[in-house]
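The values are calculated or read from the model by the stated rules, or taken from the named source; none is laboratory data. Here the structure is a predicted model, which means the values were calculated and not measured. Neighbour counts run over all protein chains shown; Cβ positions are idealised from the backbone, glycine included. Only protein heavy atoms, including side chains, enter the accessible area calculation; ligands, DNA and RNA are left aside. Shrake-Rupley method; radii C 1.70, N 1.55, O 1.52, S 1.80 Å.
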Amino acid sequence: GVGWIQGTAAPGTDGNFAVAGHRDGFFRRLKDIKLGDTIEVETLDGSRTYVVDDLTIVDPSNVSVLAERDLPSVTLVTCYPFYFVGSAPQRFIVRASLSARTPSDPVEESAHRNTEYSGIENQKASLNPVISTRPLEGQL
């Protein structure tokens, strides 16, 4: 399964909510994700569609990717490299912004911030990247 990262917005609300999961479990498919892909988040209050607009690889101490964004968003965090044996040295970050479009609408390339994985300088933030053991109310 996955876990909500404490200190981020609650799933299905405005703000940036973040979820972490194991690269060899629920988040295994993240290795194939691309800019423009959609992520459907279902909660007890309904569902929201997010469009992937940023793929980044960071050091585990870099929590700046959990900060609020301009639009309501979801951030997915998993270990990287995907096929690393042992404790992976980096984190693969997927960020997606809330979309008003339906999944069948075309995606404009100009809407994407990055066209490839990028590194972010190691920055400390006041967010606490502790994973909650409380399950999400819905599915991701």
Original post:
Which three semi-axes in whole Å describe the equivalent ellipsoid of segment 14-105, each the square root of 5 times a Cα gyration tensor eigenvalue, listed largest first?
Top reply: 23, 14, 12
**OP:** With θ set to phi - 60°, apply the Karplus curve 6.51 cos²θ - 1.76 cosθ + 1.60 along segment 54-67 and write out the HN-Hα couplings as whole Hz, x wherever there is a Gly or Pro.
**Re:** 7, 10, 9, 10, 9, 6, x, 7, 7, 9, 4, 5, 8, 5
Subject >> Distance in nm between pseudo-label sites at Lys31 and Thr13 (7 Å out along the Cβ direction from Cα) >> reply: 3.5 nm
**OP:** Find the accessible area per residue for segment 26-73; the probe is 1.4 Å, ligands and nucleic acids are left out, and the unit is Å².
**Re:** 50 Å²
Subject >> Carbon and sulfur %, accessible surface of segment 16-64 computed with the full protein complex present, 1.4 Å >> reply: 46 percent
Original post:
So how do 33-39, 63-69 stack up, highest first, on mean other-Cβ count within 10 Å?
Top reply: 63-69, 33-39
